[in-house]
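Okay, so here's the structure we're looking at.
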Amino acid sequence: MEEATIHAVDNWLEQQLIEEDPALSEALATAESEGLPPIQVTPLTGKFLYLLALSVGARRILEVGTLGGYSTIWLARALPLGGTLITLEIDPKHAQVAQKNLERAGQADKVQIKVGPALETLPKLGGYAPFDFIFIDADKDNNPHYFRHAVRFSRPGTLIVVDNVVRGGKVINEVNPEPEAVGVQTLMRESRGYENVTGTALQLVGTKGHDGFALFRVS
Ligand code: SAH
Ligand code: DHB
Ligand code: MG
């Protein structure tokens, strides 16, 4: 299919289904003007995460990889009064932009950004567990570690979403795979080792090219 058609369809679906939203548009504009890489989830995917979290009645959400807080705002909006979201970010500049964006979106009171390498901040989150919904979207080579902690911090019914499991097909590269592909391959293999974890994955095409996400449920 033509790339132009894929983009046009994404834009059309977005117009059909995503209402004008100053807080989210401003979050994107601020992220761009502050020089953050434009790698946040698309509006359609952000709303998909929001609907998933809302559907499972998530009260405690964990996110690994904050960037400018775009996905964070979508997820925080799924929380009921008194709900909490912990989001992990290694880059202080990203965290600062995200904090500002969350404040403008009126979501800052529900969200705590923990700044540092997630390999250091994540193991310390036992006091906030169990989480009801977990979104893993940081450095892909560490995905197996993040996934192990995510399962440990889950309860029966927790959903775990892992972004970027396709990367234009790089993920099936068995000969000399990139570290990020190894991360996804290892995560997939290890996920089968848990008798209480079952998952699937969907390929996506859209304004972010060809990628996809995996969805796991802990029982
Ligand atoms: N979830 C965001 C996008 C995240 S992009 C959204 O959709 O809006 C990935 C983020 O992970 C970047 O901000 C990057 O700085 C951060 N990151 C990379 N390595 C990390 C690490 N080791 N620990 C925590 N965050 C990391
Ligand atoms: C890219 C996309 C992502 O969703 C992400 O989390 C990291 C990088 C990218 O397109 O490079
Ligand atoms: Mg991503």
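Some values worked out for this structure:
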| read-out | value |
| --- | --- |
| Cβ-based net charge around Lys47, under 11 Å, with every Lys or Arg adding one and every Asp or Glu removing one | -2 |
| Net dipole in debye of the chain [+1 Lys, Arg Cβ; -1 Asp, Glu Cβ; about Cα centre; nearest 20] | 960 |
| Length added when fully stretched, Lys93-His7, from 0.36 nm per residue minus Cα-Cα | 28.0 nm |
| Charge sum, other residues only, whose C-beta stays under 9 Å from Phe135's C-beta, Lys/Arg counted +1 and Asp/Glu -1 | -3 |
| Lys pairs, the chain - Cα-Cα below 23 angstrom, 8 or more residues apart or on other chains | 17 |
| ³J(HN,Hα) computed for each position of the range 212-219 - Karplus, 6.51 cos²θ - 1.76 cosθ + 1.60, integer Hz, glycine/proline x | x, 9, 10, 10, 10, 10, 9, 10 |
| Packing-based exposure ordering (other Cβ within 10 Å, fewest first) of Phe213, Phe147 | Phe213, Phe147 |
| Max mean-square fluctuation residue, GNM over the chain, Cα-Cα springs under 10 Å, options Arg104, Arg60, Arg192 | Arg192 |
| Karplus-derived HN-Hα couplings along the range 15-30 (A = 6.51, B = -1.76, C = 1.60, θ = phi - 60°), whole Hz, x at Gly and Pro | 5, 5, 10, 10, 6, 3, 8, x, 4, 6, 4, 5, 4, 5, 5, 5 |
| For the chain, built as a Gaussian network whose Cα springs stay under 10 Å, the top-fluctuating residue of Gln15, Gln99, Gln107 | Gln15 |
| Under-5 Å amide H pairs with Val64, H placed in peptide plane, nonlocal only | Leu88, Phe135, Ile136, Asp137 |
| Centre separation in Å (Cα based) which lies between the range 10-33 and the range 161-192 | 29 |
| Surrounding net charge for Pro144, when Lys and Arg each add one and Asp and Glu each subtract one, Cβ distance under 12 Å | -1 |
| The chain: relative contact order as a whole-number percent, Cα under 8 Å and 6+ apart | 18 |
| For the chain: rounded, prolate or oblate by the Cα gyration tensor [a/c cutoff 1.5] | rounded |
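Only the coordinates and a few stated rules stand behind these numbers; no lab work does. On a predicted model such as this, the values are computed, not experimentally measured, just so you know. With ideal geometry, Cβ positions are generated from the backbone for all residues, glycine too; neighbour counts draw on all protein chains shown.
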